[in-house]
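Here the structure is laid out as structure tokens; the discussion comes afterwards.
The values are calculated or read from the model by the stated rules, or taken from the named source; none is laboratory data. What you see is a predicted model; the values in this text were computed from it and never measured. Neighbour counts run over all protein chains shown; Cβ positions are idealised from the backbone, glycine included.
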Amino acid sequence: MINNNPKVYTVSQINSYIKRIFDTNGPLRYISISGEVSNCKYSDAGHIYFTLKDKGGQLACAMFAGRRTGLSFMLKDGMSVIVSGQISVYERDGKYMMYADRIEHEGLGALYEEFERLKAKLTAEGLFDQDKKKEIPAYSSKIGVITARTAAALQDIIRISRSRNPYVELILSPATVQGADAPLSVCNALEKLLKEKPDVVIIARGGGSYEDLFCFNDERIVRAVAACDVPVISAIGHETDTSLTDLAADVRVPTPSAAAQLAVFDMEQFYEKTELYGMRLTRIMNDRILIIKHRLETLRAKISTHDPSVYVGNMRIRLDSMKADMDRILDRQRNTVHMRLERDTELLKARSPLSMLNKGFAYVTGEKGENLSRVKQFKNGQKISLRVSDGSINATVSD
């Protein structure tokens, strides 16, 4: 029989009805469930939200801050735990979940055990050593990106890169970033990308569950990243997610956007720095020029006191003065000599035989020219010569 007047319920009424069924069900009011932790998140209010899973399924769980007093360890993805509490319905979303009152640490899950084993092995080999990390270039012109072609991470990188520097070249080497095929796909993408000779490589993937991101703990990817000659930036998952690829990379950032900000230099800031450096350089050069000008003025002043032309001029003046002094001395000596000569001339004139001759005296010489000045030198009949003022007279001594 068809009911022609069925009652119509609201969504809230149905959710509330189902919640009452859960809350009144004896086994579900307090139950203990074992499983592996995944997608664990701590809220700012102190609540813990996580997924409890096994090979066959998963269950959403929450532990509110007021119930955490008995939790003595930090809940992490991969842990194998026993969660005790009530399974009920979250009416707003119409989803059932477990509200935990107690969480016991049962051990490490299989994935977490594999993670820790490989981490210990690669750490012992030195793949994660800090002294092997390469610096990210400050001014990269070619940036390689490894992620899924349709990933939101790629769009974030493109958007940030274009806003910071539209001239930088982005080279996408697409890869599968989830599942069993991801490790080989990422390694092949990295190998192809290195042939383009990028300045830096970004490996990016958005957030996901512990299982979704576990491919980046694969030994093949980790070794390829560690051996890469080009600096590698890892931007995998959320900030709380840490993979072995993160440890092997040269730099690990929390998001793809942060990777683009690190790899791509900001042109506006570059222009501002360039202008600032130009102003600083101009100021330094101007200060340097002023210092050099001051030195030149100082040297010019020193040179002027030792200027050869000034020295030559001074020497010329000195020579002129010495010449004048010498001329005066010579004139004085010349006058003295001239006066002495005149005096000696007059004296000679006074003493000259010619002067005596002019006075009426005669100069008597014998036949041989000898001077005859005494009577005893004369003999009768002796021929003599008398020199007078205007000539000579030959005579013979008679008496």
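Quick rundown of the values:
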item: Lone unmet requirement of (1) at pLDDT below 85; (2) among the polar types (S, T, N, Q); (3) part of a helix (DSSP H, G or I) for residue 72; result: (3)
item: Any hit, the stretch 270-288, residues being at pLDDT below 90, in contact with a His (Cβ under 6 Å, 6 or more places away or on another chain) and surrounded by 13 or more Cβ atoms within 10 Å (Cβ to Cβ); result: no
item: Residue in the stretch 382-398 that is outside any helix (DSSP H, G or I), among the basic types (Lys, Arg) and free of Cβ contacts under 8 Å to residues at least 60 places away in the same chain present; result: yes
item: Qualifying positions in the stretch 30-56 - assigned to a loop (DSSP other than H, G, I, E, B) and touching a residue at least 24 places away in the same chain (Cβ under 8 Å); result: 30
item: Filtered residues of the stretch 298-342 (kept if part of a helix (DSSP H, G or I) and exposed (fewer than 10 other Cβ atoms within 10 Å of the Cβ)); result: 301, 305, 308, 309
item: Matching option when the condition is in the same structural domain as residue 79 (by TED's automatic domain parsing), surrounded by fewer than 20 Cβ atoms within 10 Å (Cβ to Cβ) and either at pLDDT 90 or above or touching a strand residue (DSSP E or B) at 6+ places or on another chain (Cβ under 9 Å) (or both), among 116, 104, 211; result: 104
item: Test for residue 87: is it within 17 Å of residue 52 (Cα to Cα), in contact (Cβ under 8 Å) with a residue 60 or more places away in the chain and either among the hydrophobic types (A, V, I, L, M, F, W, C) or touching a Ser or Thr at 6+ places or on another chain (Cβ under 7 Å) (or both); result: yes
item: Residue within the stretch 252-264 that is farther than 30 Å from residue 44 by Cα and surrounded by 10 or more Cβ atoms within 10 Å (Cβ to Cβ) present; result: yes
item: Scan of the stretch 231-277 for residues that are polar (S, T, N, Q) and touching a residue at least 60 places away in the same chain (Cβ under 8 Å), ordered by number; result: 240, 255, 257, 261
